[in-house]
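Nothing in this text is a laboratory measurement; each read-out follows from the coordinates by a stated rule. Everything quoted here is computed from the prediction, not taken from an experiment. When we count neighbours, we look across all protein chains shown, and the Cβ atoms used for this are built from the backbone with ideal geometry, even at glycine.
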Amino acid sequence: MHMIFIGVESTAHTFGVGVMNSQGEVLANVKDSYSSADGGMIPDKVAKHHEEVAERILAEAFRVAGIAWKDVNFIAYSAGPGLDPALWAGYRIVSAWASTEGKKLVGVNHCCAHLSIGKVWNKLDDPCYLYVSGVNTQIIVEERLSEGKYQIIGETLDIGLGNMLDKFGRILGLGFPAGAKIEELAKRGKYVELPYTVKGMDASFSGILTKADQLFKRGIASREDLCFSMQETSFAMLAEVVERAMAHTGKKELLLVGGVGANTRFCEMLDIMCAQRGARFFKVPMDLAGDQGAMIAWEGYLRRGSYGNISVKPHWRTDEV
C-alpha cells in the first residue's frame with residue numbers, strides 16, 4: 001500500500017500544494033505566486049497572498065490527485081529558509097489543517113527539497129548539485145557515507161543569482177519576477193564587459209549589478225546588451241566553479257535545481273561544460289524548477305522519521321540538516 005502525503009511550500013512569493021506517493025510519483029502540483037509590477041517581494045503582502053489562496057490551492061490539488069483528507073498520511077511543510085512573514089503564514093495554515101484533520105506535520109528544509117526532487121525525478125545516484133534560486137546560489141554534494149547529509153563546497157559571497165536578476169529587472173522596470181523577461185531581452189543583445197568575480201569555489205554577483213546599473217543609468221549600454229552580458233558573465237562564472245567542483249570531487253553527474261534553472265541559456269552552457277569533461281547534465285522540468293509543493297512532499301517523505309512539527313527556521317542552511 002503506497003503512502004500518500006502532501007507538501008506545502010510558502011518560503012517566498014509562491015504558495016504551493018503538492019501531492020505525492022511513496023513511489024516518488026507526483027499526483028498533483030498546484031501553486032499560485034505573488035507578483036508585483038514594481039515593488040519586488042513585499043513580505044507582508046506575500047503573507048497575505050498565501051492566506052488568501054491557501055484553501056483554493058489545496059482544493060485544486062486534491063481534485064487533480066483525486067484524493068480526500070482521509071487518504072493523506074501526513075503534511076510536510078517548508079520550515080525554512082525563507083521570508084519570516086511568508087514562513088509563518090504557511091505554518092499557521094498547515095497547523096490549522098493538521099489540527100482539524102488529525103494529521104502529523106513534518107517540517108523540512110526548502111533547499112534540500114529542491115535537491116531531493118531533482119534526484120528522484122532524474123533517477124540519479126550521486127550528482128554534484130548546482131542550486132540557483134532567488135536567495136540561494138550554492139554548489140552542493142552529498143556526503144559519501146551519509147545519505148541526505150549535504151556539504152556546501154561553493155556559494156555566492158553576497159546575493160543570490162536570482163535576486164541579482166530580479167533587482168536588475170526592477171531597475172529596468174520589468175516587474176517581479178524578472179528572469180524570463182531578462183532572458184527574452186538578452187536574445188537581442190551583444191556583449192559589454194561586466195565584473196567577472198570568482199574566488200576559489202565561490203562567486204560574487206553584486207559588482208555585476210552595480211556596474212550594469214551604472215551603464216544603464218548613464219545611457220552607455222542598452223537594456224538588451226546588459227541583459228545579454230549579465231547572463232553570459234554570471235552563467236560563465238558558475239560554469240567555471242562547478243567544473244572545478246566536479247574535477248575536485250570526481251562527480252560525473254551535474255544536477256541543476258532552483259528557479260534560475262528555467263533559463264535555457266544557462267542550461268545550454270552547463271550542458272556544453274559537462275559534455276567537454278565526459279559528464280552528464282541534468283535539470284528538472286519547468287514545473288519542478290521553481291518553488292512548489294511536490295518537492296516539499298517528497299522531502300517530507302524522506303525526513304518523516306527525523307523531523308516533525310519544528311515551527312519555522314528562517315535561516316536554516318542546507319548543511320545544517
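For the reader, a short list of remarks on this structure follows.
- Spin-label pair Ile272/Ile310, simplified geometry with 7 Å Cα→Cβ offset, distance in nm: 4.0 nm
- A helix-only calculation puts the chain at -14000 deg cm²/dmol for mean residue ellipticity at 222 nm, using -39500 (n - 2.57) for each DSSP H run of at least four residues, averaged over all residues.
- For the pair Lys104 and Asp158, the difference between a 0.36 nm per residue extended length and the Cα-Cα distance amounts to 15.7 nm.
- Computed E for Gln214/Asp84 - FRET, C-beta separation, R0 30 angstrom, nearest 0.05: 0.40
- Here's how it looks for Gly154: its modeled amide H is under 5 Å from those of Ile139, which are all 5 or more places away or on a different chain.
- Relative to the longest principal axis of the Cα atoms of the chain, the long axis of helix 293-302 lies at roughly 70 degrees.
- Summarising the amide proton neighbourhood of Lys104: residues at separation of 5 or more, or on other chains, whose placed amide H is nearer than 5 Å comprise Ile75.
- In sequence order, region 151-162 has phi-based couplings of 10, 8, 10, x, 7, 6, 8, 9, 9, x, 4, x Hz under the Karplus curve 6.51 cos²θ - 1.76 cosθ + 1.60, θ = phi - 60°, and Gly or Pro positions carry x.
- Mean Cβ count within 10 Å, highest first, over the residues of peptides 72-79, 219-226, 163-170: 72-79, 163-170, 219-226
- A prolate overall shape is assigned to region 105-219, the ratio a/c of its alpha-carbon gyration tensor axes (a ≥ b ≥ c) being 1.5 or greater and a/b exceeding b/c.
- With Cα atoms defining each centre, region 48-112 and region 4-33 are spaced 8 Å apart in the structure.
- Sequence-distant residues sharing a close amide H with Met3 (under 5 Å, placed H): Ser22
- Relative contact order (%) - region 34-117, alpha-carbon pairs under 8 angstrom, separation at least six: 34 percent
- For a label point 7 Å along the Cα-to-beta-carbon line of Ser36, residues of region 89-126 with backbone N under 20 Å: 89-90
- Annotation for Lys252 and Tyr191: the two label points, set 7 Å from Cα along the Cα-Cβ direction, are 3.3 nm apart.
- Computed label-point distance, nm, for sites Ser206 and Asp126 using a 7 Å Cα→Cβ extension: 3.7 nm
- Counted charge near Ala59, where neighbours are those whose Cβ lies closer than 14 Å (Asp, Glu -1; Lys, Arg +1): -2
- Karplus (6.51, -1.76, 1.60) ³J(HN,Hα), θ = phi - 60°, over region 267-277, in Hz, Gly and Pro reported as x: 4, 4, 5, 5, 5, 4, 4, 5, 4, 5, 10
- Rounded to whole numbers, the Karplus 3J(HN,Hα) couplings from phi for region 18-26 are x, 10, 9, 10, 6, 8, x, 8, 7 Hz, using 6.51 cos²θ - 1.76 cosθ + 1.60 with θ = phi - 60°, and x at Gly and Pro.
- Mean separation of Cα contacts under 8 Å, 6 or more apart, over the residue count of the chain: relative contact order %: 26 percent
- When the chain is treated as a Gaussian network with alpha carbon springs shorter than 10 Å, the biggest mean-square fluctuation among Ser95, Ser36, Ser133 belongs to Ser36.
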